[in-house]
Amino acid sequence: MRKSVIFLVGPMGAGKSTIGRLLASELSFNFRDSDRVIEERTGADIPWIFDMEGEEGFRERETAVLQELAGEVDTVVATGGGIVLREQNRELMKSAGYVCYLTASIDQLVERTARDKKRPLLQVENPRQKIIDLLALRDPLYQSAADFIVNTDRRSPKAVAQDIATLVLNA
(Lines give C-alpha, C1' and ligand atoms only; values in the text may rest on other atoms or scores of the structure.)
Protein backbone atom coordinates (compact mmCIF):
# COMPACT_ATOMS: atom_id res chain seq x y z
CA MET A 1 0.00 0.00 0.00
CA ARG A 2 1.24 3.45 -0.91
CA LYS A 3 2.04 5.64 2.08
CA SER A 4 0.09 8.87 1.85
CA VAL A 5 1.86 11.12 4.36
CA ILE A 6 5.31 12.59 3.80
CA PHE A 7 7.08 13.97 6.87
CA LEU A 8 9.89 16.46 6.36
CA VAL A 9 12.41 16.42 9.21
CA GLY A 10 15.65 18.28 9.72
CA PRO A 11 17.24 21.21 11.49
CA MET A 12 15.90 24.75 11.67
CA GLY A 13 16.64 26.46 8.38
CA ALA A 14 16.82 23.31 6.24
CA GLY A 15 13.73 24.47 4.32
CA LYS A 16 11.04 22.12 5.64
CA SER A 17 8.14 24.60 5.43
CA THR A 18 9.14 26.20 2.12
CA ILE A 19 9.92 22.90 0.42
CA GLY A 20 6.89 21.24 2.03
CA ARG A 21 4.49 23.72 0.42
CA LEU A 22 6.08 23.20 -2.99
CA LEU A 23 6.15 19.41 -2.59
CA ALA A 24 2.48 19.37 -1.59
CA SER A 25 1.65 21.42 -4.68
CA GLU A 26 3.77 19.15 -6.89
CA LEU A 27 1.91 16.04 -5.65
CA SER A 28 -1.53 17.70 -5.24
CA PHE A 29 -1.33 16.92 -1.50
CA ASN A 30 -2.40 19.00 1.48
CA PHE A 31 0.32 20.84 3.38
CA ARG A 32 0.52 21.01 7.18
CA ASP A 33 3.20 22.58 9.35
CA SER A 34 3.18 20.97 12.80
CA ASP A 35 4.44 24.15 14.50
CA ARG A 36 1.68 26.24 12.87
CA VAL A 37 -0.97 23.69 13.95
CA ILE A 38 0.32 23.94 17.54
CA GLU A 39 0.17 27.75 17.37
CA GLU A 40 -3.37 27.70 15.95
CA ARG A 41 -4.56 25.31 18.67
CA THR A 42 -3.02 27.23 21.57
CA GLY A 43 -3.51 30.74 20.22
CA ALA A 44 0.11 31.40 21.15
CA ASP A 45 3.39 31.35 19.28
CA ILE A 46 6.14 28.79 19.87
CA PRO A 47 8.43 31.14 21.86
CA TRP A 48 5.56 31.89 24.27
CA ILE A 49 4.81 28.18 24.71
CA PHE A 50 8.50 27.54 25.46
CA ASP A 51 8.48 30.42 27.99
CA MET A 52 5.31 29.28 29.73
CA GLU A 53 5.52 25.48 29.51
CA GLY A 54 9.20 24.84 28.87
CA GLU A 55 10.53 22.58 26.16
CA GLU A 56 8.87 19.51 27.71
CA GLY A 57 5.41 21.14 27.58
CA PHE A 58 5.98 22.06 23.96
CA ARG A 59 7.13 18.50 23.13
CA GLU A 60 3.90 17.11 24.65
CA ARG A 61 1.84 19.35 22.37
CA GLU A 62 4.04 18.41 19.42
CA THR A 63 3.51 14.66 19.93
CA ALA A 64 -0.26 15.12 20.22
CA VAL A 65 -0.39 17.09 16.95
CA LEU A 66 1.87 14.57 15.21
CA GLN A 67 -0.45 11.71 16.19
CA GLU A 68 -3.31 13.56 14.54
CA LEU A 69 -1.40 14.55 11.38
CA ALA A 70 -0.10 10.99 10.94
CA GLY A 71 -3.68 9.90 10.32
CA GLU A 72 -4.25 12.25 7.41
CA VAL A 73 -4.09 11.20 3.76
CA ASP A 74 -2.25 12.82 0.85
CA THR A 75 -0.50 15.26 3.16
CA VAL A 76 2.99 16.71 3.42
CA VAL A 77 3.90 17.56 7.03
CA ALA A 78 6.73 19.98 7.83
CA THR A 79 7.83 19.14 11.37
CA GLY A 80 9.67 21.10 14.02
CA GLY A 81 13.41 20.46 14.21
CA GLY A 82 13.18 18.65 17.55
CA ILE A 83 10.34 16.29 16.72
CA VAL A 84 12.82 13.40 16.38
CA LEU A 85 13.92 13.69 20.02
CA ARG A 86 11.12 11.36 21.10
CA GLU A 87 11.40 7.77 19.95
CA GLN A 88 7.60 7.50 19.78
CA ASN A 89 7.55 10.37 17.26
CA ARG A 90 10.20 8.72 15.08
CA GLU A 91 8.34 5.40 15.17
CA LEU A 92 5.00 7.05 14.40
CA MET A 93 6.37 8.90 11.38
CA LYS A 94 8.11 5.80 10.03
CA SER A 95 4.97 3.68 10.35
CA ALA A 96 2.57 6.33 9.01
CA GLY A 97 4.45 7.61 5.99
CA TYR A 98 7.69 8.46 4.28
CA VAL A 99 10.24 10.44 6.26
CA CYS A 100 12.52 12.76 4.32
CA TYR A 101 15.51 14.29 6.14
CA LEU A 102 16.42 17.68 4.68
CA THR A 103 20.07 18.51 5.30
CA ALA A 104 22.10 21.68 4.83
CA SER A 105 25.55 22.89 5.78
CA ILE A 106 26.10 24.73 9.05
CA ASP A 107 26.83 27.90 7.05
CA GLN A 108 23.52 27.62 5.21
CA LEU A 109 21.57 26.94 8.42
CA VAL A 110 23.15 29.93 10.15
CA GLU A 111 22.47 32.15 7.14
CA ARG A 112 18.85 31.05 6.82
CA THR A 113 18.02 31.46 10.53
CA ALA A 114 20.06 34.60 11.29
CA ARG A 115 17.19 37.10 11.27
CA ASP A 116 14.45 34.86 12.64
CA LYS A 117 13.48 35.81 16.20
CA LYS A 118 10.77 33.12 16.43
CA ARG A 119 13.20 30.29 17.10
CA PRO A 120 13.49 30.05 20.89
CA LEU A 121 16.44 27.65 20.87
CA LEU A 122 18.51 30.14 18.84
CA GLN A 123 17.98 33.14 21.13
CA VAL A 124 21.45 32.63 22.59
CA GLU A 125 24.80 34.41 22.47
CA ASN A 126 26.25 32.10 19.80
CA PRO A 127 23.50 30.76 17.49
CA ARG A 128 26.07 29.09 15.20
CA GLN A 129 27.41 26.98 18.07
CA LYS A 130 23.84 26.17 19.14
CA ILE A 131 23.08 24.88 15.63
CA ILE A 132 26.28 22.78 15.70
CA ASP A 133 25.32 21.36 19.12
CA LEU A 134 21.72 20.62 18.11
CA LEU A 135 22.86 18.91 14.92
CA ALA A 136 25.39 16.76 16.79
CA LEU A 137 22.55 15.48 18.98
CA ARG A 138 19.82 15.24 16.36
CA ASP A 139 21.58 14.14 13.15
CA PRO A 140 21.71 10.44 14.16
CA LEU A 141 18.00 10.64 15.05
CA TYR A 142 17.08 12.26 11.73
CA GLN A 143 19.09 9.59 9.92
CA SER A 144 17.52 6.72 11.85
CA ALA A 145 14.02 7.94 10.98
CA ALA A 146 14.68 8.81 7.33
CA ASP A 147 13.54 6.93 4.27
CA PHE A 148 15.28 9.57 2.15
CA ILE A 149 18.02 12.12 2.83
CA VAL A 150 18.09 15.18 0.57
CA ASN A 151 20.61 18.01 0.75
CA THR A 152 19.17 21.51 0.26
CA ASP A 153 22.45 23.47 0.12
CA ARG A 154 22.48 26.14 -2.58
CA ARG A 155 19.54 24.47 -4.34
CA SER A 156 16.23 26.01 -5.24
CA PRO A 157 13.35 24.83 -3.06
CA LYS A 158 11.46 23.87 -6.23
CA ALA A 159 14.27 21.57 -7.41
CA VAL A 160 14.43 19.92 -3.99
CA ALA A 161 10.64 19.44 -3.95
CA GLN A 162 10.77 17.84 -7.41
CA ASP A 163 13.55 15.49 -6.27
CA ILE A 164 11.52 14.40 -3.22
CA ALA A 165 8.40 13.88 -5.35
CA THR A 166 10.41 11.61 -7.66
CA LEU A 167 11.83 9.64 -4.70
CA VAL A 168 8.38 9.13 -3.20
CA LEU A 169 6.71 8.19 -6.46
CA ASN A 170 9.46 5.64 -7.17
CA ALA A 171 9.48 4.18 -3.65
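The values are calculated or read from the model by the stated rules, or taken from the named source; none is laboratory data. Note that this is a predicted model, so its numbers are computed, not measured. Every residue, glycine as well, gets a Cβ built from its backbone with ideal geometry; the counts of neighbours run over all protein chains shown. For the accessible areas, the whole protein counts, side chains as well, though only heavy atoms, and no ligand, DNA or RNA atoms are used. Shrake-Rupley method; radii C 1.70, N 1.55, O 1.52, S 1.80 Å.
Per-residue packing, averaged as other Cβ atoms within 10 Å, sorts the ranges 145-152, 51-58, 11-18, 107-114 into the order 11-18, 145-152, 107-114, 51-58, beginning with the highest.
Apolar share of the accessible surface for the chain: 49 percent from carbon plus sulfur atoms, 1.4 Å probe.
Across the stretch 6-116, Cα pairs under 8 Å and at least six residues apart give a relative contact order of 48 percent. Each of Ser105, Ser95 has its accessible area taken with a 1.4 Å probe; listed largest first, they run Ser95, Ser105. Ranked by solvent-accessible area (1.4 Å probe, protein heavy atoms only, all chains present), the residues Leu66, Leu141, Leu22 order from largest to smallest as Leu22, Leu141, Leu66. Computed from label points 7 Å out along Cα-Cβ, the spacing between Ser4 and Arg155 is 2.8 nm. When the surface is traced with a 1.4 Å probe over the full set of protein chains, Ile83 keeps roughly 0 Å² accessible. Between the amide H of Asp33 and those of Ala78, distances stay under 5 Å, these residues lying 5 or more places away or on another chain, with hydrogens modeled in the peptide plane. Projecting the Cα atoms of Asn126, Gly82, Asn151 onto the charge dipole of the chain (Cβ charges, centred on the Cα centre) puts Asn151 farthest toward the positive pole. Based on the Cβ-Cβ distance of Ser95 and Asp139, what FRET efficiency does E = 1/(1 + (r/R0)^6) give at R0 = 25 Å, to the nearest 0.05? It comes to 0.70. At a probe radius of 1.4 angstrom, the accessible area of the stretch 27-131 per residue rounds to 49 square angstrom.
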